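Let me begin by presenting the structure, written as C-alpha cells, before commenting on it.
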Amino acid sequence: MSRQREKPVADLGPRQAKLEHARLEEEIAEHDRRYHQQDAPTVSDAEYDAMKRRLLEIEERFPDLATLGGASARVGAAPAAGFAKVRHARPMLSLDNAFAEGEVADFLGRIRRFLNLKIDDELVLLAEPKIDGLSASLRYEKGELVRAATRGDGQEGEDVTANIRTLQQDVPHRLKGRGWPDVLEVRGEVYMTRADFLTLNAAQEKAGAKIFANPRNAAAGSLRQLDATITAKRPLRFFGYSWGEVSAPLGARLTEVRDRLAGWGFTLNSPVAVCRSHDELIAYYRDIAAQRATLPFDIDGVVYKVDRLDWQERLGFVSRSPRWAIAHKFPAEQAQTVLENIDIQVGRTGALTPVAKLKPVNVGGVLVSNATLHNEDEIRRKDVRIGDTVIVQRAGDVIPQVVSVVLDRRPEGAGEFVFPTRCPVCGQPAEREADASGAEDVVRRCTGSVSCPAQAMEGLRHFVSRSAFDIEGLGEKQITAFYEWGWVKQPADIFRLQDHAAELQKKDGFGETSVAKLMAAIGQRRTIGFDRFIHALGIRHVGQERARLVAMHYPDVRSWLDAMDAAKDRAGEAWADLNSIDKMGEVVADAIVGFCTRPQSRAVIEALLKELTEVVPPERPAQDSPVAGKTVVFTGSLERFTRDEAKARALGLGAKVAGSVSRKTDYLVAGPGAGSKLAEAQKHGVAVLTEDEWLALIGG
Ligand code: IVH
C-alpha cells in the first residue's frame, strides 16, 4: 500500500488533498477489482472501509475532487470480461457503514432532520442481518425469470442468468401466487451456508481444486462460472432484501413488501425485527451478535432500513448509498499469537511490504499464519519485534493484520526490527521517495525497476491478467514458469514464445494441442484495445479507469507517446494537456511521463509495439451533439443537477469532462460559489455558462 502518513483531513492543503485523493482512488480501485472480479481480496474489510471513509472525508472538504466513476460514486468494480454485460435499469447501490452506537444515533438524527419529524413522530425501522455474499438482481417479466445480473460496478453487471437458474431453492423460475407487477426486479444476496462451504472445500481439496478462503469467496467463485453446469453443482442460496425496477409499487412499507415477496416464492433474510427506537436497534444488534456463531451463514453486521417507503423515496441517495439505510458492522475478530518472523515481499511497483509470519492461530474460525504489517512506519509505531506475542485481527475477509504487541510477553533480547534498505530480491537500493509536496512516501521501493526479478515477475503477471492482455491459457502459473525458464523477461517476449513451442510441448501439462491453442490465443492479442494496452503497462497510479481516460484523450498510441515526450517540458502545452484529463494529477501525470520516457521502460513499450499488429483506440461517444468533442469543466455548487449527473450527461453527449481549466477548455459551467476555476476561465477567455445556459446548449 502506498498511503501517505495520515494527517487529519482538516490539516490537508489542497495540493496534498489532491495527491492523497489520487492515491486512494487508485488503491481502492485495485482492491475493488481484487474483491469483485478476482474474489481474492488482500485487505481486510476494516482497512478498506477506512480508505473509503478517508476518501469521502477528503471529498467533503474538497468537493472538486469527487469525480464520476470515482471510488466514492462507484460500488464494486466494472464487470469482468467473459460474461455479457447487463445495464441495471436502476443502479445497484451500496450501504454506508456505522461501527459505533453513536453513529447509529447520528443516522437516526439525520433522518429525523431531513424529514423534519417532530419529537413524538414515530420512526419505524426494519433491522435485518447483513449477509456476507454477493448481490444479484433478478428480473421477472410477466412472472417469468428473464435475467439475472451481478452488481458489477453498480451501473453495469454480468449476465448470470444461466447460473442463477441452477439454484435449487430460494429463486422461483416463475413467480408463485398473484398480484405481481409485470416488471419486477428482486435484489438480494447470493451466499453459501457455512456447512455447505465446508463440504465444498473438502471436496475441492480431495479433487486437488481451488480451496476457498471463506463462504463469500466460495459463493462468488461459484456463481461467476462461465460454465453454468459448474454452478449447478454448487450449493448456492439466495436471500431477497430489496428491489430494482418495478412496473407498479410493491406496497407502502418494507414489512408489507417482504410479505408479498415471500408469497411470490422468495426466501427473505431473517431473523429481522421491527424497531421503534435507537435502543431497540441496539438490542437487535447485540442479540444478532450473540447468535452470530450459531447462524447457518456468515454475516458481517446488521442493516437498519426505514420502513415507510414514501419516506425512503423522500430521503433518496447520497452518491453511492441510500440515506434511509445503514449497515451497523460487527467489530473485527481478534486473537493472540507469536510473531515468528517478518518477511519482506516485493510487489509490481517495487513496494517492499512486510508480512508477519505467525504461529498459526484460529481467528474467528479461520486459521491465520500471515498478517500484514503495512509498512516500516507501522512496524516502528507499533514497535513490533520478532518473537513478540501480537494481537491479530481479521475483519470479514482474508489478509488479517497485526494490531498491537503484548509487551508483557516480549522475550528477553528481542531487538528492534531493522527494515532493509536494499531490495531483498535483487539487492538494489530501496528508497522512500518524496512526493511533489515534499512528504515522504510511507512505502519503501526497490529502485531496480524491471531489472528486479520480483518487479519484472509481478509486472508480467499483471500484464497477462484479466483486465490487461487477458490471454487465454496464459495465467499466473504459466507466466511464472516461462519467466523462470528464461523465455519471457518482458511483455514483448510473450509474442515470441513461438520460438519455444517445440520445447514447450515436451513440458509437463503442455501437449501439442494446448501449445497450439496458446499460440493462437497469443496471436489474437496482437490486436489490442488502447486502454487495455496502457493499463497492461502497469504504470503506477494508472489502473483501468485512468488508462481508459488517457486512451480516450489521445487519438492513438503513437500520438500519446509523442505527447509524453513533449510533456517532459513542464512549461509546455503537452504537460498541461495531460494534466487536464479527468482524474489526473501531478503525481499521476508524472508517473506516466516518467514511465514513457525513461529509457528502460520505453524500450519495453517499443519492443512490445513492434510485436503488435494494431492498438485500437476506444470507441468515442456520439459526434453529432452540440458539445461533442468539447472540453467542459463543472465548478461551484450546482443546483439543477448533481455534479455526477452533469458529468454523466456531458460524457454521454461526447464531451470531455476535465477537472481543471486550461486553454483547451471550451466551457466552464459555474454554479454559485465558483471560485478559482472561474478566475482561471476568465484569464484564458474560456466561455462561462450558468447551469441554465448549459442546459439550453445541450437541449434541456
Ligand atoms: S440493502 C440500496 N440489505 O451489503 C442498498 N444489503 O455493504 C440495498 N447486503 O450491496 C442493499 N445484506 O450486497 C441490504 N439485508 C441486507 C443486506 C445487504 C447484505 C449487502 C449488499 C449491499 C452490501 C452493502
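Please treat every number below as a calculation from the coordinates, not as lab data. These figures come from a predicted structure and were not determined experimentally. Please note: Cβ atoms are built from the backbone with ideal geometry, for glycine as well, and neighbour counts cover all protein chains shown.
Quick check on packing: order 502-514, 215-227 by the mean number of other C-beta atoms within 10 Å, highest mean leading.
Going by the mean number of other Cβ atoms within 10 Å, highest first, we get 215-227, 502-514.
Which entries of LYS18/LYS683; LYS18/LYS610; LYS647/LYS683 show an alpha-carbon separation above 26 angstrom in the structure shown?
LYS18/LYS610
At most 14 other Cβ atoms within 10 Å and a DSSP loop assignment: could you name the trypsin sites (Lys or Arg not before Pro) in the stretch 454-483 that fit?
ARG466
Report the calculated FRET efficiency for ILE230 and GLU619 (r = Cβ-Cβ distance, R0 = 35 Å), to the nearest 0.05.
The calculated FRET efficiency here is 0.60.
Choose one of VAL257, VAL272, PHE297: the residue whose Cα lies farthest towards the positive end of the charge dipole of the stretch 219-308 (beta-carbon charges +1 Lys, Arg; -1 Asp, Glu; about the Cα centre).
About the Cα centre, the residue reaching furthest to the positive side is PHE297.
Mind listing which trypsin sites (Lys or Arg not before Pro) in the stretch 121-186 are in a DSSP loop and have 13 or fewer other Cβ atoms within 10 Å?
Here the trypsin sites (Lys or Arg not before Pro) that fit, given the DSSP loop and packing criteria, are LYS142, LYS176, ARG178.
With a cap of 15 neighbouring Cβ atoms within 10 Å, and only residues DSSP puts in a loop, list the trypsin sites (Lys or Arg not before Pro) found in the stretch 541-642.
LYS568, ARG570, ARG640
Can you figure out the FRET efficiency of ASN362 with LEU612, using R₀ = 60 Å and their beta-carbon distance, to the nearest 0.05?
0.75
So, how do all the Cα-to-Cα distances of the stretch 572-700 break down into 5 Å bins, in percent, from 0 on up?
2, 10, 16, 19, 17, 12, 9, 7, 5, 3, 0
Take the alpha carbon atoms of the stretch 624-690, find their center, do the same for the stretch 473-493, and report the distance between the two centers in whole angstrom.
When both Cα centres are located, 46 Å separates them.
Suppose only helical runs count, i.e. DSSP H with n ≥ 4. What mean residue ellipticity at 222 nm does that imply for the chain under -39500 (n - 2.57) per run, divided by all residues and rounded to the nearest 500 deg cm²/dmol?
My calculation for the chain gives -10500 deg cm²/dmol from helical runs alone.
Can you compute the modelled spin-label distance between GLU340 and ARG260, with each label point 7 Å from Cα toward Cβ, in nm?
Rounded to a tenth, the inter-label distance reads 5.8 nm.
Return the unpartnered cysteines for the chain, using a Cβ-Cβ cut-off of under 4.7 Å.
CYS275, CYS596
Give the percent of DSSP beta bridges with both residues in the chain that are antiparallel, rounded to the nearest 5.
Here the antiparallel bridges make up roughly 80 percent for the chain.
To the nearest 20 debye, what charge dipole does the stretch 503-651 have about its Cα centre, counting +1 at the Cβ of each Lys and Arg and -1 at the Cβ of each Asp and Glu?
Using only the charged Cβ atoms, the result is roughly 260 debye.
Given points 7 Å out from each Cα along the Cα-Cβ axis, report the ASP383 to ALA40 separation in nanometres with one decimal.
In this crude spin-label approximation the distance works out to 3.8 nm.
Whole number please: convex hull volume per residue, Cα atoms of the chain, in Å³.
Value for the chain: 183 Å³ per residue.
Quick check on the exposure proxy: order TYR304, TYR554 from fewest to most C-beta atoms within 10 angstrom.
The most exposed by this proxy come first: TYR554, TYR304.
Once you have a ≥ b ≥ c as the square roots of the Cα gyration tensor eigenvalues for the stretch 565-638, tell me rounded if a/c is under 1.5, and otherwise prolate or oblate according to whether a/b is larger than b/c.
Oblate.
Mind checking the dipole of the stretch 294-448: about its Cα centre, +1 per Lys or Arg Cβ, -1 per Asp or Glu Cβ, Debye to the nearest 20?
Using Cβ point charges on Lys, Arg, Asp and Glu, the stretch 294-448 gives about 200 debye.
Rounded, prolate or oblate: pick one for the stretch 84-215, where a ≥ b ≥ c are the square roots of the eigenvalues of its C-alpha gyration tensor, a/c under 1.5 means rounded, and failing that, prolate if a/b is larger than b/c, else oblate.
Because a/c hits 1.5 or more and a/b fails to exceed b/c, the stretch 84-215 counts as oblate.
Decide, for the stretch 372-417, between rounded, prolate and oblate: order the square roots of the alpha carbon gyration tensor eigenvalues as a ≥ b ≥ c, take rounded if a/c falls under 1.5, and otherwise choose prolate if a/b is larger than b/c, else oblate.
oblate
How many angstrom separate the Cα center of the stretch 171-189 from the Cα center of the stretch 113-132?
After rounding, the separation between the Cα centres reads 26 Å.
Evaluate the charge dipole of the chain about its Cα centre and quote only its size in Debye, nearest 20, assuming +1 on the Cβ of each Lys and Arg and -1 on the Cβ of each Asp and Glu.
For the chain, the charge dipole is close to 840 debye.
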